[in-house]
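Enquirer: Dropping the structure in here first, questions after.
The values are calculated or read from the model by the stated rules, or taken from the named source; none is laboratory data. From a predicted model like this one, the values you see are computed outputs, not experimental measurements. Cβ placement follows ideal geometry from the backbone for every residue including glycine, while neighbour counts extend to all protein chains displayed.
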Amino acid sequence: MTTYPRGRRARRDSLAAVAFLGPDLVGLLVFVFLPIAFAIYVSFFSWNLISPMQFVGLANYQRLLTDSEWWLSLGRTLQFAVIYVPILFVLALALAVGFTKLSGRVSGVIRTAYLMPFAVTSVIASTLWLFLYQQKTGYLNAFLNLLGIPDQPYVGSTSQAIASVIAVVLWTNLGYTSMLLLAAIKQVPVELIEAARLDGANAWRTFWSVTFPLIRPTSVFVIVTSTIAAFQILDIILVMTSGGPADATEVGVLYIYKRSFERLEMGYGSALSVVMFVILLVISLIQLRFTRRSNLEA
Amino acid sequence: MEITVRSVKSKWRAALALAVTAAAVVGLTSGCSSSSGGDSNGVVKLQFWSFYADGDPQADFVNNWVADYNKSHKDVQIVHKSVSQADYTTTLIPTALANGTAPDILYVEPATFTKYADSGALADLTPYYSADLKKDILPEVLKSVTYQKKLLALPIELETLGLFYNKDTFTAAGLTPPTTWAEEQADAKKLTTDKQYGLALPVDDTPYTLFNFWPYLWMAGGDIKKASSGKYTIDTPQMAKALDFYGSFFKNGESPNKLQIGPYDLGNIATGVSAMQESGSYTIASTETTYKSTSIGVVPLPSPDGSNSITVAGGQKLAVNSASKHVKEAAAFIFSAFGSKDISLATKWVTQAKFAYPARQSVIDANKDIFTKGLRADFTKFYGTARPEPSYPAAVTAAVQTAMQDVMFGGMSGADAAKKAQAAADAG
């Protein structure tokens, strides 16, 4: 049985809650929930931002059903996520485990070095990597040439472009993601690790059977948020490839951006955004259900 | 778990406080949008947005123009703001038009002119054009600002394209700059090495890449025209021929698939990325400053058989927001510099603030000496071959841009790409 504090204390607690949550909730309302509601509203209209809106009912939704360019762009988004998320997770986890083996100043310096790309803006990251990716005179190809590998086109090729962009996004987010997992690993009670070791488990067995299950909430958080981020990638692609070459990197959000701002079809763009929102919601719910079930099993 | 009545009440109080805060903030933020053309004390205030970066001679010109105008006009004050160029042409102006905060005076260019004109966002400036002015503006240029028989913008400059090349590289290879398409392809092939490409062309799926393509379509004898059915003719043999030509440099590995230095920036020649580069009259200044240690020359864009080279003329235009409460005053401001009998400012814009060609014959005639200096002389020689950059609906330009991507990187033939583009443009 829990009793809540009474009287003045109760009021103070409520006020404290409002004071701490209020500003962020207001921000969420004004900059997230209201725009989402407005986008859903606009999706039933035809609107070029300049002339008045015209009600078209479900026409935008009917149109996107047969818009092959949209479904192809969604396919590329999925391709991006399916490649990016597992690689990010595995590499970040490996990095986090590596950091647990380091200590002292060396550890701090290395962790900072890995974290620094996260502080670089996407425009600068893109510009930097475009120079590295230069086909005839870039550092990457110069290095590959030393190993006897011929020049690679990277973002200049329809087959390599998406992988090249994924590499940049990985470089940006690896350090930060590994910090999240490192924090979770450090939360695992040392006694459990020691107990496993005393029972004869080696390092790998200990990690897999003790540490990994216990960091599941953070792991799921990382997977869900990086999936959402993968679906929302726009700025790096805009700067590096503008969706090219030949639409090889035209992902869903870029297609929505082009329809909305270059073609001034805000109604259609809003309908596409709603569909994207629903898809992301479903994926996130599936991923969250996965963690709930395994928590119950644990 | 016991929930007491008092704690339920305090929960409701918290929710109420939240709702009040939310309403207050929403009320405050919605009241914060500024209206364009606000007046005070009978003084007309006009909002003018440009996009020239601080420190650029163009930015200085605009700032001085505004300051001088404000000094000499006590009843009209221009409030000038400089914003990012990338945002200007994509999201900034359309969203500003949507929420009623767009400036009274704005720049438009071929890529945005039809978009805004279709939506009725541009004020009719026909009444402000004098008969003399109409005669002074080059006919093709006047056509490019006409929409349904109305003049919706004031042209201020023309920037044409040419083929720049590294003189030393050509001399060392024993080559002369190309005049025909076959020569251009042969030169590009010969000059492509391990470390350098033969020719740098724009590659991204953007309006600038399309801008660079128009001359090839026209020189192939083609054009995109609106048929009586309302559809635009894209799928023609001439379009296929031009697409095949542009795409050939990429298919043969003679053009870089990605330009890290911008496609308009002659740094591609100066830093040895390529031996030739298609770029515009706006880069002449850089050959005399940043890249003066490289010997760069320019020739007209090669044509299929070497005769009748055609180039494209792009450039900004000034327009007035149709929703402005003071169209007359806004028009007076822009015409004072670029549409009046006094051509001093119009001259200054194209000779000092930047190098470009003026839209008016009188400015050319009065400044012949400037237009024959250095590389300008070469551009002036083929200036008469320029056609204004066309302004098509977004569905058409997007379709042709995609066709270019298809021939450059998608392995498609010009004919297939043109057919695909026709279907895409027809679908809208």
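Enquirer: Looking only at the stretch B:117-137, count how many residues are of a type in the set (Gly, Ala, Ser), within 30 Å of residue B:100 (Cβ to Cβ) and away from chain A (no Cβ under 14 Å). Can you show your working first?
Expert: First, pick out the residues of the stretch B:117-137 that are of a type in the set (Gly, Ala, Ser): B:117, B:119-121, B:123, B:130-131.
Keeping just the survivors that are within 30 Å of residue B:100 (Cβ to Cβ) gives B:117, B:119-121, B:123.
Subset that is away from chain A (no Cβ under 14 Å): none.
Residues meeting the conditions: 0.
Enquirer: Turning to a different aspect of this structure: Do you know which residues across the stretch B:324-352 are surrounded by fewer than 21 Cβ atoms within 10 Å (Cβ to Cβ) and closer than 21 Å to residue B:369 by Cβ?
Expert: B:342, B:343, B:344, B:345, B:347, B:348, B:351, B:352, listed by residue number.
Enquirer: Given (1) more than 27 Å from residue B:272 (Cβ to Cβ); (2) of a type outside the set (A, V, I, L, M); (3) in a loop (DSSP other than H, G, I, E, B), where does residue A:209 come up short, assuming only one miss?
Expert: (3)
Enquirer: Here are some residues: B:406, B:369, B:426. Which one is within 14 Å of chain A (Cβ to nearest Cβ) and acidic (Asp, Glu)?
Expert: Details: B:369 fails: within 14 Å of chain A (Cβ to nearest Cβ); B:426 fails: within 14 Å of chain A (Cβ to nearest Cβ).
One residue alone meets the criteria, B:406.
Enquirer: Among the residues in the stretch B:124-135, are any in contact with a Ser or Thr (Cβ under 7 Å, 6 or more places away or on another chain) and buried (at least 17 other Cβ atoms within 10 Å of the Cβ)?
Expert: no
Enquirer: Exactly one of (1) in a loop (DSSP other than H, G, I, E, B); (2) within 14 Å of another protein chain (Cβ to nearest Cβ) is unmet by residue A:144. Its number?
Expert: (1)
Enquirer: Go through A:86, A:117 for me and flag whichever is assigned to a helix (DSSP H, G or I) and surrounded by 15 or more Cβ atoms within 10 Å (Cβ to Cβ).
Expert: A:117
Enquirer: Is it the case that residue A:109 is free of Cβ contacts under 8 Å to residues at least 12 places away in the same chain, away from chain B (no Cβ under 14 Å), assigned to a helix (DSSP H, G or I) and within 21 Å of the chain's Cα centre (by Cα)?
Expert: no
Enquirer: Checking residue A:158 against (1) part of a helix (DSSP H, G or I); (2) touching a residue at least 12 places away in the same chain (Cβ under 8 Å), only one condition comes out false. Which one?
Expert: Result: residue A:158 fails condition (1) only.
Enquirer: Does residue B:106 count as at pLDDT 85 or above, away from every other protein chain (no Cβ under 14 Å) and under 15 Å from residue B:334 (Cβ atoms)?
Expert: So residue B:106 fails the test.
Enquirer: Could you list, in sequence order, the residues of the stretch B:313-336 that are at pLDDT below 95 and of a type in the set (A, V, I, L, M, F, W, C)?
Expert: Residues satisfying the conditions are B:313, B:323.
Enquirer: If you don't mind, there's one more thing I want to ask. Quick one: is residue A:252 more than 12 Å from every other protein chain (Cβ to nearest Cβ), crowded, with 23+ Cβ neighbours inside 10 Å and under 24 Å from residue A:157 (Cβ atoms)?
Expert: So residue A:252 passes the test.
Enquirer: Then there's this: For the stretch B:46-88, give me each residue that is small (Gly, Ala, Ser), modelled with pLDDT of 90 or more and out of contact with any helix residue (DSSP H, G or I) (no Cβ under 7 Å at 6 or more places or on another chain).
Expert: B:59, B:67, B:72
Here is a yes/no grid of residues against (1) exposed (fewer than 15 other Cβ atoms within 10 Å of the Cβ); (2) on the phi > 0 side of the Ramachandran plot; (3) assigned to a strand (DSSP E or B); (4) without any contact (Cβ under 8 Å) to a residue 12 or more places away in the chain:
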position	(1), (2), (3), (4)
A:17	no, no, no, yes
A:28	yes, no, no, yes
A:39	no, no, no, no
A:63	no, no, no, no
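Enquirer: Within the bounds of the stretch A:133-140, is there any residue that is assigned to a helix (DSSP H, G or I), of a type in the set (Phe, Trp, Tyr) and either without any contact (Cβ under 8 Å) to a residue 60 or more places away in the chain or within 14 Å of chain B (Cβ to nearest Cβ) (or both)?
Expert: yes
Enquirer: Listed residues A:45, A:55; which is of a type in the set (A, V, I, L, M, F, W, C), touching a residue at least 12 places away in the same chain (Cβ under 8 Å), within 30 Å of residue A:261 (Cα to Cα) and more than 8 Å from every other protein chain (Cβ to nearest Cβ)?
Expert: Details: A:55 fails: touching a residue at least 12 places away in the same chain (Cβ under 8 Å).
One residue alone meets the criteria, A:45.
Enquirer: Out of the residues in the stretch B:277-298 meeting the condition of being assigned to a strand (DSSP E or B) and in contact with a helix residue (DSSP H, G or I) (Cβ under 7 Å, 6 or more places away or on another chain), tell me which one is nearest to the other protein chains (Cβ to nearest Cβ).
Expert: Result: B:277.
Enquirer: Here's another thing I want to ask about it. For the list (1) within 24 Å of the chain's Cα centre (by Cα); (2) under 27 Å from residue B:250 (Cβ atoms); (3) of a type outside the set (A, V, I, L, M), I need the number of the one condition that residue A:176 fails.
Expert: Unmet condition: (2).
Enquirer: May I ask you to say which residue of B:418, B:398 is assigned to a helix (DSSP H, G or I), in contact (Cβ under 8 Å) with a residue 12 or more places away in the chain and within 20 Å of the chain's Cα centre (by Cα)?
Expert: Selected residue: B:398, the only one of B:418, B:398 that is assigned to a helix (DSSP H, G or I), in contact (Cβ under 8 Å) with a residue 12 or more places away in the chain and within 20 Å of the chain's Cα centre (by Cα).
Enquirer: Moving to a separate point now. Going by the conditions given, is residue B:309 part of a loop (DSSP other than H, G, I, E, B) and closer than 30 Å to residue B:415 by Cα?
Expert: yes
Enquirer: Given the conditions (1) out of contact with any helix residue (DSSP H, G or I) (no Cβ under 9 Å at 6 or more places or on another chain); (2) assigned to a strand (DSSP E or B), which single one is not true for residue B:382?
Expert: The failed condition is (2).
Enquirer: Can I ask one more? When you look at residue B:101, is it within 24 Å of residue B:66 (Cα to Cα) and in the same structural domain as residue B:326 (by TED's automatic domain parsing), yes or no?
Expert: yes
Enquirer: Inspect all residues belonging to the stretch A:240-247 and state whether any of them is touching a residue at least 60 places away in the same chain (Cβ under 8 Å), part of a helix (DSSP H, G or I) and within 9 Å of another protein chain (Cβ to nearest Cβ).
Expert: yes
Enquirer: Which of the helices (runs of 4 or more DSSP H) contained wholly in the stretch B:153-269 include at least 1 residues that are hydroxyl-bearing (Ser, Thr, Tyr), within 30 Å of residue B:344 (Cα to Cα) and not assigned by TED's automatic domain parsing to the domain that holds residue B:307?
Expert: none
Enquirer: Can you report the number of residues in the stretch A:255-274 which are at the interface with chain B (Cβ under 9 Å from one of its Cβ atoms) and touching a residue at least 24 places away in the same chain (Cβ under 8 Å)?
Expert: Result for the stretch A:255-274: 3.
Enquirer: Now for a separate question. Quick test of your reading of the structure: residue A:48 fulfils all but one of (1) modelled with pLDDT under 95; (2) farther than 23 Å from residue A:238 by Cα. Name the failing condition by number.
Expert: Only one criterion in (1) modelled with pLDDT under 95; (2) farther than 23 Å from residue A:238 by Cα is unmet by residue A:48, namely (2).
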